[in-house]
1. Residue 98 versus (1) modelled with pLDDT of 60 or more; (2) of a type outside the set (Phe, Trp, Tyr); (3) under 20 Å from residue 165 (Cβ atoms): which is the lone unmet condition?
2. Since residue 171 meets every condition but one in (1) on the phi > 0 side of the Ramachandran plot; (2) exposed (fewer than 14 other Cβ atoms within 10 Å of the Cβ), which condition does it not meet?
3. So which of 121, 109 ends up being in contact (Cβ under 8 Å) with a residue 60 or more places away in the chain, touching a Lys or Arg at 6+ places or on another chain (Cβ under 8 Å) and among the charged types (D, E, K, R)?
4. Assess whether residue 155 counts as being of a type in the set (A, V, I, L, M), in contact with a His (Cβ under 6 Å, 6 or more places away or on another chain) and outside any helix (DSSP H, G or I).
5. Inside region 167-176, can you point out the residues that are under 20 Å from residue 189 (Cβ atoms) and at pLDDT below 90?
6. I'd like the full set of residues that are out of contact with any helix residue (DSSP H, G or I) (no Cβ under 6 Å at 6 or more places or on another chain), crowded, with 19+ Cβ neighbours inside 10 Å and not in a helix (DSSP H, G or I), limited to region 257-299.
7. What are the residue pairs meeting all of these: first residue in region 259-280, first residue without any contact (Cβ under 8 Å) to a residue 12 or more places away in the chain, second residue in a helix (DSSP H, G or I) and among the polar types (S, T, N, Q), Cβ atoms under 9 Å, and 6 or more apart or on different chains?
Amino acid sequence: MAGHTFLAEQPGARPLTLPDGTPAGFRADKYWLGQAAAAVGVESEVLPGSQVHDVIFADTREEILRLQREDPTLFETGGEKGDAYSGEAFRQELKRGLDPASPYHRQVRALPWGSGSGFVRSGADRGFVFCARVADHEAAQYRYVSYPEDGIPRVDSETLVCLSQAQVHADTERALDSETHHLAYDAWEMARHHIFAEWQKATDPFNLQPKVPKAMRDAAALLRSHPPGDIPQEELEWLIDAVEAPYGARIERALRGALRSSDDPARQAVAVAEEVKRLGLSPSPAPEPLPLIEIEDVHLVCWLAIVPEGKKG
């Protein structure tokens with residue numbers, strides 16, 4: 001798909017620079033490829049001197065917590081959302097496209113920041129997929145902004161949803177009518193503010209705390225109010241931290257059984273402590289909050305418009 005256009009930085013925004021001071025508008029060779037590699041994950045160098053990233057793809061913290069909770073839907077869906085096209089498929093496609101022998105290798109290296117294009121998809125709503133970067137954070141941010149028939153724009157942040165919406169083929173023709181092109185500016189501002197808002201939430205440790213089921217809260221409260229006498233204080237605190245976390249239905253049922261094992265709260269507490277040890281539960285590490293940013297720190301890397309059929313332009 002040949003040809004691209006640009007979305008300029010908004011007036012008053014700080015000039016886009018990289019950590020080494022390189023200005024925007026450069027030919028984004030190793031850096032651009034590094035963003036793609038960091039977002040999707042590659043096992044070997046794409047260019048000499050470029051970084052290798054072993055990435056747990058998409059929603060890393062959430063998926064780890066789902067594994068810990070023994071959430072069965074993780075295995076039913078493969079941990080992926082929105083589309084059957086898997087993260088591994090995108091990873092392999094990226095590796096093929098960035099291979100030095102690929103005809104797209106040089107074109108990708110030459111793309112400046114803000115590059116964009118469009119294509120027609122039959123039966124699709126008008127929409128835009130944006131790839132952005134926040135300050136010097138290595139992970140790419142993706143947003144899909146769609147304009148359905150009800151006129152209410154929607155923003156989706158699921159990585160696989162965004163990438164699947166942007167999927168094209170080697171023979172896909174470029175198509176970008178003037179109406180869609182002008183709408184891209186509004187869509188980018190919407191995506192940019194969404195990225196900023198979600199990032200800001202993740203700067204507050206309170207917002208990162210997982211929701212703990214009632215059974216786990218009750219078990220922790222019982223250990224606090226009726227601590228088993230033969231357990232040292234340090235071990236008791238460890239048990240409380242281990243149990244006061246989100247888990248799957250199997251572990252919840254086991255803890256409920258311990259809570260109902262006796263009418264005596266002291267014996268219940270002993271049963272809960274024994275069950276926690278039997279299940280091998282352990283405290284989860286505290287989520288690491290993100291650094292504070294300004295909205296000017298959210299920069300556009302590239303974008304792709306999805307043009308409704310009949311609006312080819």
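The values are calculated or read from the model by the stated rules, or taken from the named source; none is laboratory data. Please read all numbers here as calculations on a predicted model, not as lab measurements. Counting neighbours? That spans all protein chains shown, and the Cβs are built from the backbone with ideal geometry, glycine included.
1. Answer for residue 98: the failing condition is (3).
2. (1)
3. The match here is 109.
4. Taking the combined requirement at face value, the residue satisfies it.
5. none
6. Matches in region 257-299: 299 only.
7. Listed by first residue and then by second, the contacts come to 260/268; 261/268; 262/268.
Yes or no, residue by residue, for (1) more than 30 Å from residue 119 (Cβ to Cβ); (2) among the aromatic types (Phe, Trp, Tyr); (3) at pLDDT 95 or above; (4) in contact with a Ser or Thr (Cβ under 9 Å, 6 or more places away or on another chain):
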{"site": "264", "(1), (2), (3), (4)": "yes, no, yes, no"}
{"site": "292", "(1), (2), (3), (4)": "yes, no, no, yes"}
{"site": "295", "(1), (2), (3), (4)": "no, no, yes, no"}
{"site": "304", "(1), (2), (3), (4)": "no, no, yes, yes"}
